[in-house]
1. Identify all lysines with a Cα-Cα distance to K650 below 23 Å; exclude those on the same chain that are fewer than 8 residues away in sequence.
2. Evaluate the relative contact order of the chain (contact order divided by residue number), counting alpha-carbon pairs under 8 angstrom at least 6 apart; express in whole percent.
3. Residue by residue, what Karplus-based ³J(HN,Hα) values in Hz, rounded to whole numbers, does segment 495-511 have, using 6.51, -1.76 and 1.60 with θ = phi - 60° and x for Gly and Pro?
4. Could you give the alpha-carbon Rg of segment 335-410 over 2.2 N^0.38 Å, rounded to two decimals?
5. What spacing in nm lies between the two simple spin-label points modelled at R615 and D384, each 7 Å away from Cα in the Cβ direction?
6. What's the local net charge at H333, with K and R +1, D and E -1, over the other residues with C-beta under 14 Å away?
7. Which residues' amide hydrogens lie under 5 Å from the amide hydrogen of S194, considering only partners 5 or more residues apart or on another chain, with H built in the peptide plane?
8. Taking amide H positions as placed 1.01 Å from N in the peptide plane, with prolines and chain starts having none, which residues 5 or more places from H336, or on another chain, fall under 5 Å of its amide H?
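Each value in this text was obtained by applying a stated rule to the coordinates, not by laboratory testing. Predicted model only: the values in this text are computed from it and were never measured. Methodologically, a virtual Cβ is constructed for each residue, glycine included, from the backbone with ideal geometry; neighbour enumeration extends over all protein chains shown.
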Amino acid sequence: MSVTPSEASFILVGPETSQILPERRSHVEGPSEHVGVATAEQPRRHPSSDPSYTVGSTPSYAHDWSPSGVGGKISAHGRHFVDAYGRVVSLRGVNLSGSCKTPVNHDHDTFPGNHKTVTFVGRPFPLEEAHEHLSRLRRWGLTFVRFLITWEAVEHDGPGIYDTEYLDYLHNVLDLFPLYGLTAFVSLHQDVWSRYSGGSGAPAWTLDMVGFDLHSLEESGAAWLTGVKGGGHVEAERGIWPSGYQKLAAATMATCFWAGDTFAPKLRIQTREGTEMSVQQFLQNAFLDMWEVVARTLGDLDGVLGFEMMNEPHRGYIDLPNLHGFDYNTDLHLSHVPSALQSFMLGAGYPTLVGHWTRSFPLPTRLTSNSVLNSASRKAWRSDGPTGGKDLWEMHGVWGYDTQKKVGVVLRESYFVNDPMSGKKVDWYTDFYYPFVNAWTNRVRSASGGEKLVFLEPIPNEFCPSSWTPERQPSSMVYSPHWYDLRVLFDKAHGELTVNVQGLSKGMFLLKAFYWGHRGARDNFALQLRNIVEAGYRSLGERPVVIGECGVPMDMNKGEAFKTNDWKWQSRMMDAMITGLERSLVGFTLWNYNPENDDKNGDDWNGENFSWFSRSRALPVAQLSLDQPSASLDAGGRILESVVRPYPAKIAGIPLRFDYEMTAGEFTFVWAVPFVSADEDHVDAQVDASVLNPPLHGHVPITARETEIFVPAMLTRGRKLVVRGLGPDDKYVYDENRQTLFVLPGDWVPGMVHSITVSFGPPPHVFVANDFWMDFGGRIYAAFAVLLAIIVFWAIR
């Protein structure tokens, strides 16, 4: 089916006719004796539970998360997501999208001006383009979406003034998701607090109300804004933006948001109603009010699975033990890195000598010079603001300025470590984060009907804290940490040698942290991801884990792929990363699918270029077919051979192992039939946090025997599909139009283990999965043979 631009807006149908066999239509018209109706006593019964069922005769497809595709709703049970039939569902998809960090009318030249009149209507794409993008994600099997919004997008004009046009747009876009089998969790994105402090997230008025001068933040050294004004692409600017978390603006805002009552009690905010309140209460109330509006707008949608409170939360100055420096192991030291004290001085208008850090080896960076910043004595604080133009932390007696010596002096070194009033040691997680998580959960659930999942994450690059005990966890919580290869992010380079930066930061022996070749990269990434997942299980118990962000920079290795169109290294890294995710048996959302991406500007935010789809390389909509098996939708995709992969999607049992070897065109999937227990708490009582040993007891009743595996048509088209490993009574059928392999075991008893191996011949022509011994084994053996010959020669002389 091809469409012209004028016809595209009418393509609002769900699964196309070619996906549904005529005799199956009766199954989608309403409950029947085969489908069954779920009751409080008995879960919904899947047609495959009937002995006369014909394999593959349901109208669904593997990666269809719509209510009709899962028999109702997806819920959390133990470490798994389950559908209404009790099947474990494996969710994978994309972040949609990096473009949501900036408004449609963002202007690099006038920023930070006109912040009240920005609009995010059309982020991540115009409504009339939704059919194209949602069809593409359905074809690629990436139907689980982390849908990004920002506080600024909802409430940019001022406190309590919500952009109803944007909210209507969100509702209309997400309302389309079930028609394409998609489901989403809505994630409030932030980096470095706000665009106006060098990242994304909060509206400009949050900084203004605290007393910052938006037009002085960059010159005073309170923020690095080059990256949000179109920069970040040249070597001198590459990768600097995360250091903004330690700079005055972002660190102060985070501290005030989480713990203003504790650390900034003198800062009082005048509201629109003329009342006065603490900065913490002002910011948190505004945040919760905004979230309530979002939850009310989107909470009734079938396409919304849940909500994520905040992307990559940061503690600001809280728990900072030393005002003279930051922790080299946890805080990025690149370019100018002022200490907390130096940031205070700069913001107060004092020219300050600050260290400059550059990339190095073997340590990531080293101090190479010192420079005087803010030579113009520009203040970051407004004279008409609530601090009267004075630095907030000077106002609280944390530091002072010696006018004779012309130096800043720390007066309260442990100010952010202990409660200034009681002297009690504080902990960001237990004292501030967990209580606010519960307050947010209650507001969102009351506004959305109480059925949505809540997605929560820790501070980036940290393991799940052991303090996140059951009494501090909301019900139906999903743990959603992030993972990136930090060395690749830092160097924007990937080759044969990879390094376990996570291990090194935890004290791993140096030589043990190096891996060679593609197989080595897979093992390296798999170990790091397994550590994150298992740390979550140890702390939280049996909770679902979704890796909310993980990705590969498209412009690594000096952007050579844009010149040669050879994406070998990006493809290899993506395969290694997803292989690691698959070994950990967790869901994930890749960073990112960005329709606005192009080769020159990338994702047009802080020099990033992570989107493996570029609209500039795609076909015009008039040349597209939106059918699921249509290869025309692949145009514009990069490294699809690594991204679009087979995976077990709806599993009538507990997944035990999934291995996909893309270089051989073969995968193996192993799953077990669980034991059903009336005691659902038995799941949370498991002490084994291993990803390789999931609990087999305590699962909800499974009323389906059929397992559905997503097998992309781009792998099977023109190839022979061979299925091995099934028993003599097991049945299967592959429907290429629905990209689904249906598997119906003949025996289905608790504790039984099933296995299937599927291969495609001839295998895809990709890269060689090499390792150290493959590359150097011959030379090592030859050298050993020569050495042995020399020893023998000298021995017999």
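1. Within the straight-line limit of under 23 Å, K650 reaches these lysines: K73, K452, K731.
2. Working: 1697 pairs, mean separation 122.4, N = 797.
Normalised by residue count, the contact order of the chain is 15 percent.
3. Whole-Hz 3J(HN,Hα) from phi for segment 495-511: x, 6, 9, 10, 10, 7, 5, 4, x, 4, 5, 9, x, 5, 4, 3, 5.
4. Details: Rg = 14.4 Å, N = 76, 2.2 N^0.38 = 11.4 Å.
So segment 335-410 has a normalised radius of gyration of 1.26.
5. Output for this residue pair reads 3.9 nm.
6. Numbers: positive: K247, R359, R366; negative: D327, D331.
Computed value for this residue: +1.
7. HN-HN under 5 Å from S194: G199, S200, A202.
8. HN-HN under 5 Å from H336: W357.
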